[in-house]
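No value in this document is a laboratory result; all are computed from the given coordinates. Quantities reported herein were computed from a predicted structural model and do not represent experimental measurements. Note that we place each Cβ from the backbone using ideal geometry, even for glycine, and neighbour counts take in every protein chain shown.
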Number of protein chains: 2
Amino acid sequence: MANNGAGHIAALIERMGRLMNSDAHAGALLPVQWEVLRYLARANRFSRTPAALGAYLGLTKGTVSQTLRVLEGKGFVCKGVDPRDRRRRRLSLSQEARRLLREDPLAETAAAARHLSERQRETLTGTLESMLRVRLAARHRQPFGMCRDCRYFARRHAVGAPHYCLLLKEPLAEEESLAICHEQRPVA
Amino acid sequence: MANNGAGHIAALIERMGRLMNSDAHAGALLPVQWEVLRYLARANRFSRTPAALGAYLGLTKGTVSQTLRVLEGKGFVCKGVDPRDRRRRRLSLSQEARRLLREDPLAETAAAARHLSERQRETLTGTLESMLRVRLAARHRQPFGMCRDCRYFARRHAVGAPHYCLLLKEPLAEEESLAICHEQRPVA
DNA sequence: ACTCCTTGGTATCGAGTCGATACTAATAAC
DNA sequence: GTTATTAGTATCGACTCGATACCAAGGAGT
């Protein structure tokens with residue numbers, strides 16, 4: 001079961017997750033609702049859709065639809081329609097949601113990480129990223145990595161825009177190259 | 001916000017937690033129900049009570065009561081009464097629950113940890129434990145550490161029993177010294 | 001064109017979490 | 001012996017969550 005401490009590591013992460021879940025009941029939001037807001041704040045415009053959100057959080061589309069309805073009712077999320085594909089909805093955060101994110105309870109966990117040494121933080125980041133990659137691959141889930149680390153990212157390709165996406169054939173702002181993307185495929 | 005990568009670490013752990021939550025919808029149980037079973041499997045007899053469970057999971061007593069009622073209805077948990085304090089209930093797992101725990105979805109995460117090197121696992125364990133300690137202390141929460149690492153643990157103290165608890169004044173079996181305890185206070 | 005199929009999203013249902021509040025019973029403090 | 005305090009339950013309302021059924025828009029093949 002817990003051979004080589006692998007089980008212990010899983011238990012530690014789970015306990016941490018529980019604690020964060022307990023933190024996330026703070027304020028006017030529930031844990032998943034915080035996660036939705038965080039995702040929408042970090043995702044680029046192609047990825048701010050119910051489907052991508054569901055893939056990121058590992059939820060069925062029904063659940064996503066319901067949760068978005070609640071957040072829309074609270075005035076944190078707005079839904080528009082994608083002009084290129086009128087089935088898709090484009091999600092965006094309200095100003096109130098952005099204000100709320102400045103009191104994100106995730107900061108409590110970040111504060112605990114700040115007690116580690118610089119070197120410990122670097123190692124921890126690398127190790128967690130490695131575990132996450134393994135886990136996501138095993139579940140055939142998209143990595144949702146950063147746009148500029150993608151094989152379809154072309155730096156300074158278009159005229160009039162800093163960068164360009166070769167997959168979606170759209171110009172990219174500098175800021176967007178740092179956002180996470182639904183379609184991201186890491187460079188081979 | 002994400003200074004020194006501390007925010008990134010928090011985001012990684014949260015993402016991991018989400019993934020595990022998604023895993024934990026497997027089988028006949030819900031994520032929290034799995035956590036209840038895991039706790040009851042790891043806690044010593046003094047700690048298998050609704051109050052200790054609530055403290056461990058960070059839930060209010062009402063929620064714990066409700067969740068236990070569901071698990072009792074499914075035949076995974078039994079409730080008895082503590083003869084020393086008839087307000088307390090003593091929880092125990094059924095054989096069926098123990099069988100179920102052999103298919104614990106947490107094993108998926110443990111498998112991902114097994115992809116790390118021995119050295120990486122040791123470092124990760126230490127770092128996570130350190131973060132957890134900081135976080136628990138900040139929330140004034142009990143550590144729920146192992147019985148034998150407690151200041152009230154007396155090795156080979158009693159006659160007829162391997163060990164002894166100086167706080168509760170009860171003999172302890174060898175096996176129990178490895179269980180987690182509600183009252184545990186690490187050695188100074 | 002026209003069907004067939006896939007994809008993106010919604011509506012509704014039932015089980016269950018979760019905090020809040022109000023309650024009961026057993027113990028502890030004085 | 002009265003008065004806290006503590007352990008647990010009961011009930012309520014908001015919400016998550018998967019499952020199922022459904023609808024609309026786009027795509028593929030003929």
> If you build a Gaussian network model of chain B, linking Cα atoms that sit under 10 Å apart, which residue out of B:107, B:138, B:97 swings the most?
Replying inline: B:138
> How large is the dipole of the protein assembly as shown about the Cα centre if only Lys and Arg carry +1 and Asp and Glu carry -1, each at its Cβ, rounded to the nearest 20 debye?
Replying inline: 620
>> I need the shape label for region A:18-165. Rule: rounded when a/c is under 1.5, else prolate if a/b > b/c, else oblate, with a, b, c from the alpha carbon gyration tensor.
In response: oblate
>> So if I take the centroid of the Cα atoms in region B:95-158 and the same for region B:161-179, what is the distance between those two points in Å?
In response: 19
>> Could you tell me which residue out of B:49, B:138, B:16 lies farthest along the dipole of the protein assembly as shown toward its positive end? Charges go on the beta carbon: Lys and Arg +1, Asp and Glu -1, centred on the Cα centre.
In response: B:49
> Can you list the lysines whose alpha carbon sits under 29 Å from that of residue B:79, skipping same-chain ones fewer than 8 residues off?
Replying inline: B:61, B:169
> In debye to the nearest 20, how big a dipole does chain A give about its Cα centre with +1 on each Lys and Arg Cβ and -1 on each Asp and Glu Cβ?
Replying inline: 660
> Across 20 Å bins from 0, what is the distribution of all Cα-Cα pair distances for the protein assembly as shown, in whole percents?
Replying inline: 25, 54, 18, 3, 0
> Farthest toward the dipole's positive end in region A:60-188, which of A:62, A:92, A:160, given Cβ charges of +1 (Lys, Arg) and -1 (Asp, Glu) about the Cα centre?
Replying inline: A:62
>> Please list, by residue number, everything in region A:61-89 whose backbone N is under 19 Å from a paramagnetic label point 7 Å out along Cα→Cβ of residue A:183.
In response: A:81-89
